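The values are calculated or read from the model by the stated rules, or taken from the named source; none is laboratory data. Only a predicted model underlies this, so the values are computations on that prediction, with no experimental measurement involved. When we count neighbours, we look across all protein chains shown, and the Cβ atoms used for this are built from the backbone with ideal geometry, even at glycine.
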Amino acid sequence: MNSQEKQILRVSIWRTLGALAGAGVLLLYPLLRGAPDPEVQRALNQAESIGFQAWELENRKAQHHGVGSRGPASEGPDAVLGTLGLDPWGQPFHYRIRTEPQGHSVEVWTEGPQQVRTQVAIPNSPH
């Protein structure tokens, strides 16, 4: 094997190693990044559930006070604010119910260390 063939072989080996390293990084990146924090995932799941619970609670209050089918938050964009339950870090979940043309949205957030925030859509119910 002459020196030119050796040089070509070395370049081919380095290219192959570079390609394998790049593919390895792409395959391992999701694992290296780490799984989502289980407490954050639990807080997101709780926040979604709390969004529906807050809607039910405020809707019952509105019906009890004679607001009728308009439901909560029908008198302004931020008419209903409250807290309900605790996040995994012991902080209360806050919620805000807003009226939108297609129904209501319930924004739920926490002031815990991860400051989890989500939004739940409540479609208009047919009458």
**Request:** Could you tell me which numbered condition ALA47 fails, if it satisfies all but one of (1) aliphatic (A, V, I, L, M); (2) part of a helix (DSSP H, G or I); (3) at pLDDT below 85; (4) touching a strand residue (DSSP E or B) at 6+ places or on another chain (Cβ under 9 Å)?
**Result:** (3)
**Message:** Condition first: free of Cβ contacts under 8 Å to residues at least 40 places away in the same chain and either in contact with a helix residue (DSSP H, G or I) (Cβ under 6 Å, 6 or more places away or on another chain) or within 16 Å of LEU57 (Cβ to Cβ) (or both). Now tell me which residues in the stretch 87-104 satisfy that.
**Reply:** PRO92, HIS94, ARG96, ARG98
